[in-house]
Amino acid sequence: MLRKVHVEKIAHAITASLAAEHHLKAAEEAVAGRIISLIGENMDAERALDDEAHKLLDKNRKMIGGDIDESRAFAMIKKQLAKQKGFTL
């Protein structure tokens, strides 16, 4: 996951680019704040998806079998959950 400082840098870079091309109709700080908020919401949703995928993996570990690559199984479960929820990874 991205750290707060990285999210802020990304948001300000996007905002600066939009401002340079005269695509902004609102104050740069307001736009940057909204981008930061949207990225944060997306990161929270992905964390929730991760938690759900981990719970499903733990719950179904016996059914899946003993010789599984846990990281691959987690990725597959997460991908399927994301698809079901319409979440883009």
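Descriptive notes on the structure:
- In region 1-58, the residues that are without any contact (Cβ under 8 Å) to a residue 12 or more places away in the chain, closer than 30 Å to S71 by Cβ and either among the acidic types (D, E) or touching a Phe, Trp or Tyr at 6+ places or on another chain (Cβ under 8 Å) (or both): E41, D44, D51, D58
- Filtered residue count, region 65-86, keeping only those that are in contact (Cβ under 8 Å) with a residue 12 or more places away in the chain and more than 16 Å from R47 (Cα to Cα): 2
- The listed residues are D51, D58, and the only one of them that is acidic (D, E) and within 19 Å of L89 (Cβ to Cβ) turns out to be D51.
- L89 free of Cβ contacts under 8 Å to residues at least 60 places away in the same chain, out of contact with any Ser or Thr (no Cβ under 6 Å at 6 or more places or on another chain), among the aliphatic types (A, V, I, L, M) and in a helix (DSSP H, G or I): no
Laboratory data are not the source of any read-out in this text; all were calculated from the coordinates shown. All of these numbers come straight from a predicted model, not from anything done at the bench. Reconstructed Cβ throughout: ideal geometry from the backbone, glycine too, with neighbour counts over all protein chains shown.
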